[in-house]
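Chemist: Sending over a structure as structure tokens; questions will come in a sec.
The values are calculated or read from the model by the stated rules, or taken from the named source; none is laboratory data. Keep in mind the model is a prediction, meaning the values are calculated, not measured. No Cβ is skipped: glycine too gets one built from the backbone with ideal geometry, and neighbour counts run over all protein chains shown.
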Amino acid sequence: MTRSIPVQAVPAELTVDDAAHDECGVLGLSTPHGDGVAQLAFFGLFALQHRGQEAAGIAVSDGKRARVHKEPGLVSTVFSPEALKPLTGYHAIGHTRYSTTGSNAERNIQPFLVETMHGPLSVAHNGNLVNATALRDELLSRGFGLTATSDTEVFTLMLAAAGGQTWQERIERTLPAWKGAFSLVILASDQVIAVRDPWGFRPLSVGRLPHGGHAVASETCALSTLGCVDIDEVKPGEMVTLRGAEIERQQVLAPQPNSARCTFEFVYFSRPDSVWAGNSVHHVRQQLGVELARESMVDADVVIPVPDSSIPAAIGFSNETGLPFNDGLIKNRYIGRTFIEPTQDIRERGVALKFNALSENLEGKRVIMIDDSLVRGTTAGPLVKLLRDAGATEVHMRITCPPIKHACHFGVDMGHDDDLMAAQLSVAEIEEHIGADSLAFLSLDGMMRAVAGRDSGDDDGYCNACFTGDYPLAVGDAQAKLAFEGVLH
């Protein structure tokens, strides 16, 4: 593992991102020949970069010894050819991180790798445990020393201490204690094991590599990048073992009667070329736009998206209404994290760092601006002003999901209820606050018609807790993102 420079904080005045953030992307690979497994992991993680940009890591095993390389930064900067060269072996797991439990401190970067009496064990995780505090306290009471503040370390140490003859037995014995969202990839000396929680909160799919072996990943886009075929979703409560050319699938926990797939994967997180629950993400987003048009059409001249995730929805809105679709905002896709102290003028123009307006497409126009969500509300007002300054005579904002009024406890960093604009203000008050001529959110039924082909209901199979407050399992013990940070400095 390479020692690296701690990630610096982005100046608060420069915060231009109102989006919710997913915790991470996970990847696992097992090949019979061991040719370039770390390079394959690199390309798979590169396809999952959108799921987390704080840090990245890859752990590799050659059947006896495991190595890990992980650092703060993007996949392309963390893994140089020199960094990948020592990562030789047959089996690998990888991770791209956005923190939900635990800060973005270096000690929380995944995968975690420990030596156990059964050999090396490495774990990477997407999701969030609602009972992590209780499990962590139990480990401390048993004399375990904890070096990080992430619930992934809790997974790792519980597995390391579990009884059983095989890792599959240890996992099966430990799983019932974990409450919440988890799509896990686990590296042992001679295999990769993937496990998904019985609610199915976060996505996880498996496929066959073109030259032998198998891969598992948070999204099908990563498997497609690797050339995988026979791609299938890992079922809720299922454990998949990859050993080179061999694959073993076992239902180790009974799926919950009502699954709880995260609807936000379709609204925002997943890459549009991914497929989940048999649905194309791009198609669902277009349907979100269609439903939005049916519910909240207004006289206008042009439909524009807030790029990039809202582009399919804006196309759907345009197709349904017959209004022309055009670009009105150009996104700087390389803004990343800046460590250069901004000038006062740049602080005041924070949104302009991320977006420029195309005045020739906006001047004198009544504009419908499509966005995927409104979370803290920090960018909506500046975007409306940006369009007006570019000559738009009217700006009507349309959001492709219902108002977000409740925090997520299953792996999405939305902040607390007090941070959410829709939890504090009515739609009319938000409209006035952001300065739009009108504002409308897609209804819950409209969203579910786009996502699942039916109105919302108790048995729709999706988690909508951030919209409704109806959590699929009790979250009374759920910890805040930085709840464990007081222990370590």
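Chemist: Can you name the strands (runs of 3 or more DSSP E) wholly within the range 317-372 that have at least 2 residues being surrounded by 14 or more Cβ atoms within 10 Å (Cβ to Cβ) and modelled with pLDDT of 95 or more?
Modeler: Values: elements: 329-331, 355-357, 366-371.
In the range 317-372, 366-371 are the strands (runs of 3 or more DSSP E) which contain 2 or more residues that are surrounded by 14 or more Cβ atoms within 10 Å (Cβ to Cβ) and modelled with pLDDT of 95 or more.
Chemist: Which number in (1) within 28 Å of residue 476 (Cα to Cα); (2) out of contact with any helix residue (DSSP H, G or I) (no Cβ under 8 Å at 6 or more places or on another chain); (3) at pLDDT below 95 marks the one condition that residue 211 misses?
Modeler: Of everything listed in (1) within 28 Å of residue 476 (Cα to Cα); (2) out of contact with any helix residue (DSSP H, G or I) (no Cβ under 8 Å at 6 or more places or on another chain); (3) at pLDDT below 95, residue 211 misses just condition (1).
Chemist: A further question on this structure: Only one residue in 175, 159, 204, 187 is in contact with an Asp or Glu (Cβ under 9 Å, 6 or more places away or on another chain) and buried (at least 22 other Cβ atoms within 10 Å of the Cβ), so which one is that?
Modeler: It is 204.
Chemist: Please give the number of the condition residue 274 fails out of (1) surrounded by 24 or more Cβ atoms within 10 Å (Cβ to Cβ); (2) modelled with pLDDT of 95 or more; (3) in contact with a strand residue (DSSP E or B) (Cβ under 6 Å, 6 or more places away or on another chain).
Modeler: With (1) surrounded by 24 or more Cβ atoms within 10 Å (Cβ to Cβ); (2) modelled with pLDDT of 95 or more; (3) in contact with a strand residue (DSSP E or B) (Cβ under 6 Å, 6 or more places away or on another chain) applied to residue 274, the lone miss is (3).
Chemist: In the same structural domain as residue 111 (by TED's automatic domain parsing), surrounded by 21 or more Cβ atoms within 10 Å (Cβ to Cβ), on the phi > 0 side of the Ramachandran plot and touching a residue at least 40 places away in the same chain (Cβ under 8 Å) - does that describe any residue in the range 213-221?
Modeler: The first filter runs over the range 213-221 and keeps only residues in the same structural domain as residue 111 (by TED's automatic domain parsing), leaving 213-221.
From what's left, surrounded by 21 or more Cβ atoms within 10 Å (Cβ to Cβ): 213-221.
Next, only the ones that are on the phi > 0 side of the Ramachandran plot stay: 213.
Keeping just the survivors that are touching a residue at least 40 places away in the same chain (Cβ under 8 Å) gives 213.
Within the range 213-221 (the criterion being in the same structural domain as residue 111 (by TED's automatic domain parsing), surrounded by 21 or more Cβ atoms within 10 Å (Cβ to Cβ), on the phi > 0 side of the Ramachandran plot and touching a residue at least 40 places away in the same chain (Cβ under 8 Å)), the answer is yes, since at least one residue qualifies.
Residue by residue, here is whether (1) closer than 20 Å to residue 373 by Cα; (2) part of a loop (DSSP other than H, G, I, E, B); (3) in contact with a Ser or Thr (Cβ under 6 Å, 6 or more places away or on another chain) holds:
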| residue | (1), (2), (3) |
| --- | --- |
| 241 | no, no, no |
| 249 | no, no, no |
| 253 | no, yes, no |
| 259 | no, yes, no |
| 265 | yes, no, no |
| 268 | yes, no, yes |
| 283 | yes, no, no |
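Chemist: Within the range 56-79, can one find any residue that is surrounded by fewer than 17 Cβ atoms within 10 Å (Cβ to Cβ) and hydroxyl-bearing (Ser, Thr, Tyr)? Steps first, answer last, please.
Modeler: So the first thing to find is which residues in the range 56-79 are surrounded by fewer than 17 Cβ atoms within 10 Å (Cβ to Cβ), and the list is 62-65, 76-77.
Pick out the ones that are also hydroxyl-bearing (Ser, Thr, Tyr) and you get 76-77.
Yes, the range 56-79 contains at least one residue that is surrounded by fewer than 17 Cβ atoms within 10 Å (Cβ to Cβ) and hydroxyl-bearing (Ser, Thr, Tyr).
Chemist: Here is a further query. When the range 45-55 is examined, which residues are found to be of a type in the set (A, V, I, L, M) and either assigned to a helix (DSSP H, G or I) or surrounded by fewer than 19 Cβ atoms within 10 Å (Cβ to Cβ) (or both)? Spell out how you get there, then give the answer.
Modeler: Filtering the range 45-55 for residues of a type in the set (A, V, I, L, M) gives 45, 47-48, 55.
The answer is 45, 47.
Chemist: Restricting attention to helices (runs of 4 or more DSSP H) lying wholly within the range 378-447, give those where 2 or more residues are under 23 Å from residue 303 (Cβ atoms). Steps first, answer last, please.
Modeler: On the way: elements: 380-389, 421-424, 427-434.
Hits in the range 378-447: 380-389, 427-434.
Chemist: Examine the range 171-178 for a residue that is touching a strand residue (DSSP E or B) at 6+ places or on another chain (Cβ under 9 Å), in the same structural domain as residue 24 (by TED's automatic domain parsing) and of a type in the set (Lys, Arg), and state whether such a residue exists.
Modeler: No: the range 171-178 contains no residue that is touching a strand residue (DSSP E or B) at 6+ places or on another chain (Cβ under 9 Å), in the same structural domain as residue 24 (by TED's automatic domain parsing) and of a type in the set (Lys, Arg).
Chemist: Can you tell me which of (1) part of a loop (DSSP other than H, G, I, E, B); (2) closer than 15 Å to residue 209 by Cβ; (3) modelled with pLDDT of 95 or more is the one residue 42 doesn't meet?
Modeler: (1)
Chemist: Identify, by number, the condition in (1) closer than 25 Å to residue 218 by Cβ; (2) in a loop (DSSP other than H, G, I, E, B); (3) among the β-branched types (Val, Ile, Thr) that residue 93 doesn't meet.
Modeler: It fails just one condition, (2).
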